[in-house]
1. Sort 149-155, 132-138, 59-65 by packing, meaning the average of other beta carbons within 10 Å per residue, with the highest value first.
2. Which aspartates and glutamates have a Cα less than 16 Å from the Cα of K293, not counting those fewer than 8 places away in the same chain?
3. Please say if the range 175-311 is rounded, prolate or oblate, where rounded means a/c under 1.5 for a ≥ b ≥ c the square roots of the C-alpha gyration tensor eigenvalues, and otherwise the choice is prolate for a/b larger than b/c and oblate otherwise?
4. Report the charge-dipole magnitude of the chain in Debye, nearest 20, computed about the Cα centre from +1 at each Lys and Arg Cβ and -1 at each Asp and Glu Cβ.
5. Could you give each residue of the range 37-49 its phi-based ³J(HN,Hα) in whole Hz, using Karplus coefficients 6.51, -1.76, 1.60 with θ = phi - 60°, and x for Gly or Pro?
6. Applying a 10 Å radius around every beta-carbon, put 303-310, 226-233 in order of their mean neighbour count, most first.
7. Ratio of Rg to Rh for the range 221-302, alpha carbon only, Kirkwood?
8. Gaussian network model of the chain, Cα springs within a sub-10 Å range: biggest mean-square fluctuation belongs to which of F107, F116, F299?
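Values in this text are rule-based calculations from the coordinates and carry no lab data. What you see is a predicted model, and the numbers here were worked out from it, not measured in a lab. Because the Cβ atoms are built from the backbone with ideal geometry, glycine has one as well, and the counts that use them run over all protein chains shown.
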Amino acid sequence: MKGLKFISTGRAIPEKAVTNDDMSRIVDTSDEWIRTRTGIAQRHFCTRENAASLAVSAARQALERAGISPEEIGVCAAATVTPQYASPANACLIQAALGLAEDTPCFDLSAGCTGFLYGLEVMRGMLTISPKRYALLVGGEELSRVMDMTDRSTCVLFGDGAGAAVLALEENALWAATLGTRGNSDILSVDAVGKGPSYIHMDGQGVYRFAVEVIPHCAKELLNQTGLTLEQVDWIVPHQANRRIVETAAKRLHLGMDKFFLNIDRYGNTSAASIPIALDEMVQEGLLRKGQKVMAIAFGAGLTWGGALFEW
């Protein structure tokens, strides 16, 4: 079976960093309250940037690092819940900015915080019928645009950013994936554009219960597909939603936290961007090396969940 290989990654983070102390001047909260409940110390908000410009920057960086021309991209997708426009898609804006060929299918994916992992499987399928070798997948969000700054239960959690990857199919590459949906708009949703102010609505306890269930479920499913054990997995890269969620999931998997990569303290929850941002940061810091086995797991609005197991 052909599996996906990551050729390169990139990320783009807004210049403006917003600390917990900054948030305490906006809403009734404190640095201690946020850190102890979420693990977040700061997040970044767009000022001059937006979801599309961040996506373009991350995609350009990934393309340059891959050392390929824009014309070699066979498909481009952007995972987002905060597109710049209802239409055209952010992926179309990426195509125009980077000069991808006009015969390149470009489209957005909306699967909440699981969007990038949904995108991986979509890219794998699209590449099987593409005459070109490479795919460009971006996760990018401007969540500060849909945050209710009077709701301390949500506004302290989220941040803006984008991550991107150039992907290719390779024969016999290690690859396993699992995706799922449990339709529910009560636990987590974002208002539609055109219905007045658009805000994130979240039942925090509902998200917690869902997440600590599906992370171990995804991990076990991926191991079953590959015949690997958790000991053979070098890194688990979870969606960066809440440190407590990851700690509980780790206990249920009988794992220490040293196998999990976390950067939520620096960026908060960036939704579909969180996993590609994490992967790029790991590469640039020398933590993620060729040949290592990586398990990425996400959960989000939908409710959706997904996991992928691959070799770097």
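1. With the highest mean Cβ count within 10 Å placed first, the list reads 132-138, 59-65, 149-155.
2. Here the aspartates and glutamates satisfying the reach criterion relative to K293 are E170, E221, E231, D234, D258, D280, E311.
3. Taking the square roots of the gyration eigenvalues as a ≥ b ≥ c, the range 175-311 is prolate.
4. My answer is approximately 460 debye.
5. Taking θ as phi minus 60°, the curve returns 8, 10, x, 8, 10, 7, 8, 10, 10, 5, 10, 8, 7 Hz for the range 37-49.
6. By packing density, highest mean first, the sequence is 303-310, 226-233.
7. Numbers: Rg = 12.6 Å, Rh = 13.4 Å.
Checking Rg against Rh, the ratio lands at 0.94.
8. For the chain, modelled as a Gaussian network with Cα springs under 10 Å, the answer is F107.
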